[in-house]
Amino acid sequence: MKFSYRGVGLLAVALIGWSAAALAQLRDTREAPQLAPIPADASLTPRLIVMKKIVAHTNNKVVGDMRSGEGCQSSTPIHFNTQILGSFSKSLFPQFRQRNLALGYPVPEQSNRNRSVFEAEPSRREPDFHLGLTIRAFEARLCSPAAGQMQGSVWMQVRWEVYSTRAEKVLLDQTTEGHWRSDWPEKMAASEPYARAFGAAFANLQSQQAYFDLLHGKTQIPEPEKFQLIQIPAVDEPGGTLQANYQQLVNSTVTLTDGKRSGSGFLISGQGYLLTNQHVLGEQKLMKVRLGDGSEQVAELVRSHRTRDVALMKLSSPAGKPLHLSKRLPSPGEDAFVLGSPLGKTFAGTLTRGVVSGVRQIKDLNYIQSDARILPGSSGGPLLDAQSRVIGMAVSGVNAGAAGINLFIPIQEALQVLAIEIQ
């Protein structure tokens, strides 16, 4: 068998021609300049920042395509939806950690599964900042010519919000873009191109002097806002059973929505004040409120506390009878009832029952534990005892629902952080 240089040359020309044809279909995403990130300065003791939350306002629009096979001929559209977001969102956390390590920033200790039971856990360092991000837009033109190979390009626009745990507010709000491109197939997972584009956008955030200054103590951190005391009249204890009071309780429980999200809340005074979770509002200052009798009003944010995840709002005009707020913590074994609007107004007034399992402290915050079920949309609704008194409020974000464990904010702690006093 003769070795032919001419054959090799023809093969090379064919490969180049194939690659050029494939790339012609893959290179049409937007690009973004890559700025040089500023390394951490160890002499200034850089602060600890952790990535806390990923949000994307998906619209199901086609933002590119995924091709496969020889010549990248077979094409499937890529939609900006929760499915594609879920396919790569987990890969963003390792990228964030790697970028911080590479620049010399501190990162949280990872648990060591091989640690001896007699070996002490490392002391946990509480983060100085939480990083929340919103993926505003992305484009992807990708091809997987063979299993485990990717080429093409991804562009991503990300809004970054740096929240100070000390000031209890967002101190930096920046938007950057990131871009990844590979002209030739690389060995990587399907999620890796998105993580690389995200990493490039994060590097562009790290290139900002304002970000560097904030994480190195060069930016003055304001003290937490101190609320002026709000006094609300005491409400008489309800008489009779919870079943007998059900309709009145429903009338005092509300559904909040901004058209995209919904949650629950409840009236605490005849002046129109109501309580809900801060995460139900997001960044909204106004929410549409559907009362238990079916009427609707607009409620305005009065104050909120992100760490405790509570918010005080006020209706445009007083309506409904407020609930009685208990001054005691419940005891294990007591019956507990959750009232809320799972899945929005369609199931408003849903009542679920359980027992109080105890009062737990998680990350320095107290919670009432109960198996009374919380469903999406019930966040911010009241937790009631058998005498129809509010003992807590539902909160989501606890990854224990599958085990029948749900956590509730003690009502007196919610009032305390919002500087609300019962006369």
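The values are calculated or read from the model by the stated rules, or taken from the named source; none is laboratory data. Since the model is a prediction, treat every value here as computed from it, not as a measurement. Here Cβ is always computed from backbone atoms with ideal geometry, including for glycine, and neighbour counts include all displayed protein chains.
Among the residues of the stretch 155-198, the one identified as more than 25 Å from residue 33 (Cβ to Cβ), touching a Phe, Trp or Tyr at 6+ places or on another chain (Cβ under 7 Å) and of a type in the set (Gly, Ala, Ser) is 164.
Can you pull out the residues in the stretch 311-330 that are within 28 Å of residue 367 (Cβ to Cβ), in a loop (DSSP other than H, G, I, E, B) and among the hydrophobic types (A, V, I, L, M, F, W, C)? Passing the criteria: 323, 329.
Give me a count of the residues in the stretch 347-364 that are out of contact with any Gly (no Cβ under 9 Å at 6 or more places or on another chain) and crowded, with 16+ Cβ neighbours inside 10 Å. Qualifying residue count, the stretch 347-364: 1.
Just to be sure, is residue 273 of a type in the set (Phe, Trp, Tyr), touching a Lys or Arg at 6+ places or on another chain (Cβ under 8 Å), closer than 30 Å to residue 410 by Cβ and modelled with pLDDT of 90 or more? Yes, satisfied.
Of 125, 115, 99, all but one fail to be within 27 Å of residue 214 (Cα to Cα) and modelled with pLDDT under 95; the exception is 125. Can you tell me which condition residue 279 does not meet? The list is (1) farther than 30 Å from residue 128 by Cα; (2) in contact with a strand residue (DSSP E or B) (Cβ under 9 Å, 6 or more places away or on another chain), and all the others hold. Of everything listed in (1) farther than 30 Å from residue 128 by Cα; (2) in contact with a strand residue (DSSP E or B) (Cβ under 9 Å, 6 or more places away or on another chain), residue 279 misses just condition (1). The single residue among 382, 332 that is farther than 30 Å from residue 165 by Cβ and either in the same structural domain as residue 251 (by TED's automatic domain parsing) or modelled with pLDDT of 90 or more (or both) turns out to be 332. Note on the stretch 294-310: among residues that are assigned to a loop (DSSP other than H, G, I, E, B) and over 25 Å from the mean Cα position of the chain (by Cα), the one that is nearest to residue 241 (Cα to Cα) is 294.
Okay, residues lined up against (1) touching a Cys at 6+ places or on another chain (Cβ under 9 Å); (2) over 30 Å from residue 219 (Cα atoms):
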site	(1), (2)
140	no, yes
143	yes, yes
150	yes, yes
155	no, yes
170	no, no
177	no, no
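If you filter the stretch 162-181 down to residues that are acidic (Asp, Glu) and assigned to a strand (DSSP E or B), you find that the one that is farthest from residue 93 (Cα to Cα) is 173. Consider the stretch 389-411 and keep the residues that are within 12 Å of residue 360 (Cβ to Cβ), under 19 Å from the mean Cα position of the chain (by Cα) and modelled with pLDDT under 85. The one that is surrounded by the most Cβ atoms within 10 Å (Cβ to Cβ) is 398. Condition first: over 20 Å from residue 211 (Cβ atoms), at pLDDT below 95, in the same structural domain as residue 180 (by TED's automatic domain parsing) and within 21 Å of the chain's Cα centre (by Cα). Can you find one or more residues in the stretch 59-66 that meet it? Yes, the conditions are met somewhere in the stretch 59-66.
Listed by position, the helices (runs of 4 or more DSSP H) inside the stretch 182-293 whose residues that are more than 24 Å from the chain's Cα centre (by Cα) and surrounded by 14 or more Cβ atoms within 10 Å (Cβ to Cβ) number at least 3 are 242-251. Here residue 132 clears all of (1) farther than 19 Å from residue 29 by Cβ; (2) at pLDDT 95 or above; (3) of a type in the set (Gly, Ala, Ser); (4) assigned to a strand (DSSP E or B) except the condition numbered (2). Counting just the residues of the stretch 335-346 that are surrounded by 14 or more Cβ atoms within 10 Å (Cβ to Cβ) and not in a loop (DSSP other than H, G, I, E, B), which one comes out modelled with the lowest pLDDT? Checked the stretch 335-346; the qualifying residue modelled with the lowest pLDDT is 345.
With the condition kept exactly as written, say whether any residue in the stretch 347-361 is free of Cβ contacts under 8 Å to residues at least 24 places away in the same chain, basic (Lys, Arg) and not in a loop (DSSP other than H, G, I, E, B). Yes, the stretch 347-361 contains a residue that is free of Cβ contacts under 8 Å to residues at least 24 places away in the same chain, basic (Lys, Arg) and not in a loop (DSSP other than H, G, I, E, B).
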